[in-house]
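The values are calculated or read from the model by the stated rules, or taken from the named source; none is laboratory data. All figures in this text were calculated on a predicted structure; none of them were measured in a lab. Note that we place each Cβ from the backbone using ideal geometry, even for glycine, and neighbour counts take in every protein chain shown. Quick note on the areas: whole protein, heavy atoms, side chains included, nothing else; ligands and nucleic acids left out. Shrake-Rupley method; radii C 1.70, N 1.55, O 1.52, S 1.80 Å.
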Amino acid sequence: MNEELKAGVGLSRKWDAREAGREVALSALKHLDGENPKFFLLFSTIHYEKYGGFQELLNGVWDVLPEGTPLMGGTVAGFMNNYGCYTRGATALAVSYPNMDVAIGVGKNTKRNPKNAVKECISTLKIQNPDFYIELVSGPIIPTFPGIGKQTVIKSGLLGKTMEKAIPTLFKSNMGTDRADEILDFLTDYINAPLLGAVCYDDGKASKNYQFYGKEVLDNSMVLMGIKGFKPNFETVSALVPRNIRISVSLKADRRTCTKINNNEATTELYKILGWNEENIREVERFYSQAFYYPFGYYENDKVHVVMLGLILGKDVYFANRIKSNELELFGLTGEKILSESEKIFSKESNLMYGVICETYIETLGNKIYDLKNLIASSTKDYLMVFGGGESIINENRIPHHLYESINILRI
Amino acid sequence: MNSDDPLLKILEDLLKLDDIYACMIARRNMVSVMPDTNLFNQKIMDVWDIVSVAMKNVFGIIEEYTSVGLDVMEFRLKNHSVLFFVIPETDNALVAIIPSLANKGLIEVEMENARREIVEILNREEEELVKA
């Protein structure tokens, strides 16, 4: 099978969206020895919004890509491929294999109604019993509160309460957390094969993100590709380190809003546990970037389900994910652990690898991300790894797992 | 310095990133390559003088430790961070001024790509000189 499978990884560093679209497609397709691709994955950083727009990026791709090729993709924080590591540009993976069927489904308004988005996506996915799935979901949008602006920390108790009440409205307006964990749970009811998913993202500001579906640029949507014809190996590693700190949480009905931690006022107790000075405005300003390094998690099916700190709303702490337990453990993330865990997954030889890595890995490693690339380059012929705002997997036993701070790959 | 200079083009590319307020290739007491300062973000103007002085002192350290593998340095001043990516086997560094709350990891990746391109250009120029 491997001899018949051809893969091409493309790259463009051009600033102009249309030119970048053409170049990324050309550079991916040239590796297919004249064969038409059976599918085309396209990823780009958010920069093209200012340099022609994403529709022009797609138009550029379609200037080159054979009509009717199944295409999906989205914006990511960065990517790593045969050419290097980038947090600006566009990349693509084109795959051709004679005995392969591919179809793509799309579901809209994922934040407003994830259940309906999944239903819509499944109903538009025209393929019977695929061997595996690749999923992309719209990422989080930090809301802009009237009169306050874009804040992740609202210190006033009164304002916090008001904002808390506004959260369902935010979802209706397709803002707020990505709800990728809920989407994954709903998807599990419909599919019978492994899935690898990513949450689309921007440059860490969580202001906007886009999904690509054929010739359309979408937001607040999910796209799902079903592939039939071969079965890749799926692998996952996480660099989370338990910090041996467990907390009890009291949650509201949404299972996200935490009113008490260890029976104390949630915000004050959180700052105490993390050793942050609530009065220090600088620490408060840095909340969002620090929060990624202090994820909490609970155990389900012997796996850690990470829940991210989302917002401070006065006395309450709002988590970005639903919490299915009343006890959480604090974890940590270090560069050293990332590199040691990466070795486990990247040292195995393969011809082709597509993967999804948490954006925090770039934040943590910075230019040392090249250490990961060098590991992959020594073992893998063609590869494309994207850095998103969260990772989703469904394993062969149909157990869903939404992750952060992890590496998830499929390889052939 | 003309606008076709490939080193200048690398710097101008970096400056297009929202969070890179200013950048240059510099060494102690001397700026080697600098884009048109009109392209710099105006937000750095109130700290430019003090940052310039601090940079001179940092280059003293770079000169001293480059030979033992000093690779990247950073200092934070007021609301800005200054990143120094040392150009190997030289006392030059690619310097960028960014807001201190920027996503430094993402910026570092593009700084690293810029440094690699700079090294490539310098090596090519050296080869051409040897041939000549």
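Structure data summary
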{"quantity": "Candidate set from segment B:7-22 (those that are away from chain A (no Cβ under 14 Å) and closer than 24 Å to B:Arg124 by Cα); member that is surrounded by the most Cβ atoms within 10 Å (Cβ to Cβ)", "calculated": "B:Leu11"}
{"quantity": "Residue within segment B:31-40 that is out of contact with any His (no Cβ under 9 Å at 6 or more places or on another chain), open to solvent by 80 Å² or more (accessible area, probe 1.4 Å), of a type outside the set (Val, Ile, Thr) and in a loop (DSSP other than H, G, I, E, B) present", "calculated": "yes"}
{"quantity": "Residue among A:Glu349, A:Glu359 that alone is within 26 Å of A:Ser27 (Cβ to Cβ) and surrounded by fewer than 16 Cβ atoms within 10 Å (Cβ to Cβ)", "calculated": "A:Glu349"}
{"quantity": "Residue count for segment A:373-412, restricted to those that are among the polar types (S, T, N, Q) and under 15 Å from the mean Cα position of the chain (by Cα)", "calculated": "3"}
{"quantity": "Residue among A:Lys208, A:Lys260 that alone is outside any loop (DSSP other than H, G, I, E, B), open to solvent by 10 Å² or more (accessible area, probe 1.4 Å), touching a helix residue (DSSP H, G or I) at 6+ places or on another chain (Cβ under 8 Å) and at pLDDT 90 or above", "calculated": "A:Lys260"}
{"quantity": "Segment B:106-132, residues that are within 12 Å of chain A (Cβ to nearest Cβ) and in contact with a strand residue (DSSP E or B) (Cβ under 9 Å, 6 or more places away or on another chain)", "calculated": "B:Leu106, B:Ile107, B:Glu108, B:Val109, B:Glu110, B:Met111, B:Glu112, B:Asn113, B:Ala114, B:Arg115, B:Arg116"}
{"quantity": "Residue count, segment A:1-37 (criterion: in a strand (DSSP E or B) and either of a type in the set (S, T, N, Q) or within 14 Å of chain B (Cβ to nearest Cβ) (or both))", "calculated": "2"}
{"quantity": "Unique residue being of a type outside the set (Val, Ile, Thr) and touching an Asp or Glu at 6+ places or on another chain (Cβ under 9 Å) when the list is A:Lys373, A:Lys303, A:Lys315", "calculated": "A:Lys315"}
{"quantity": "Only listed residue being surrounded by fewer than 24 Cβ atoms within 10 Å (Cβ to Cβ) and in contact with a helix residue (DSSP H, G or I) (Cβ under 7 Å, 6 or more places away or on another chain), chosen from A:Gly53, A:Gly10", "calculated": "A:Gly53"}
{"quantity": "Filter result for the condition that a residue is at pLDDT below 90 and either aliphatic (A, V, I, L, M) or touching a Cys at 6+ places or on another chain (Cβ under 6 Å) (or both), over B:Ala132, B:Ala96", "calculated": "B:Ala132"}
{"quantity": "Residue match in segment A:203-219 (condition: in contact (Cβ under 8 Å) with a residue 60 or more places away in the chain, among the aliphatic types (A, V, I, L, M) and within 14 Å of chain B (Cβ to nearest Cβ))", "calculated": "yes"}
{"quantity": "Candidates A:Lys344, A:Lys381, A:Lys348, A:Lys315 - the one that is under 30 Å from A:Ile247 (Cα atoms) and more than 14 Å from chain B (Cβ to nearest Cβ)", "calculated": "A:Lys315"}
{"quantity": "Members of segment A:88-110 found to be within 14 Å of another protein chain (Cβ to nearest Cβ), polar (S, T, N, Q) and open to solvent by 10 Å² or more (accessible area, probe 1.4 Å), listed by number", "calculated": "none"}
{"quantity": "Yes/no for B:Asp71 being modelled with pLDDT of 90 or more, among the charged types (D, E, K, R) and open to solvent by 20 Å² or more (accessible area, probe 1.4 Å)", "calculated": "yes"}
{"quantity": "Filter result for A:Leu352 (at pLDDT 95 or above and not in a helix (DSSP H, G or I))", "calculated": "yes"}
{"quantity": "Selection from segment A:211-231 of residues that are open to solvent by 10 Å² or more (accessible area, probe 1.4 Å) and on the phi < 0 side of the Ramachandran plot", "calculated": "A:Tyr213, A:Lys215, A:Glu216, A:Val217, A:Leu218, A:Asp219, A:Lys228, A:Phe230, A:Lys231"}
{"quantity": "Lone unmet requirement of (1) part of a strand (DSSP E or B); (2) of a type in the set (A, V, I, L, M); (3) open to solvent by 10 Å² or more (accessible area, probe 1.4 Å) for A:Leu365", "calculated": "(1)"}
{"quantity": "Total residues in segment A:305-338, condition part of a helix (DSSP H, G or I) and under 20 Å from the mean Cα position of the chain (by Cα)", "calculated": "2"}
{"quantity": "When residues of segment B:113-132 are limited to those that are of a type in the set (Lys, Arg) and over 22 Å from A:Cys85 (Cα atoms), the one nearest to the chain's Cα centre (by Cα)", "calculated": "B:Arg124"}
{"quantity": "B:Val68 vs. criteria among the hydrophobic types (A, V, I, L, M, F, W, C) and within 14 Å of chain A (Cβ to nearest Cβ)", "calculated": "no"}
{"quantity": "Residue in segment A:383-399 that is open to solvent by 10 Å² or more (accessible area, probe 1.4 Å), touching a strand residue (DSSP E or B) at 6+ places or on another chain (Cβ under 6 Å) and acidic (Asp, Glu) present", "calculated": "no"}
{"quantity": "Subset of segment A:56-87 that is in a helix (DSSP H, G or I) and touching a strand residue (DSSP E or B) at 6+ places or on another chain (Cβ under 9 Å) - its residue that is surrounded by the fewest Cβ atoms within 10 Å (Cβ to Cβ)", "calculated": "A:Trp62"}
{"quantity": "In segment A:38-50, the residues that are within 14 Å of another protein chain (Cβ to nearest Cβ) and either open to solvent by 10 Å² or more (accessible area, probe 1.4 Å) or part of a helix (DSSP H, G or I) (or both)", "calculated": "A:Ile46, A:His47, A:Tyr48, A:Glu49, A:Lys50"}
{"quantity": "Close pairs from segment A:140-164: first open to solvent by 90 Å² or more (accessible area, probe 1.4 Å), partner of a type in the set (A, V, I, L, M, F, W, C), Cβ under 8 Å, at least 6 apart", "calculated": "A:Lys155/A:Val284; A:Lys155/A:Ile312; A:Lys161/A:Leu313"}
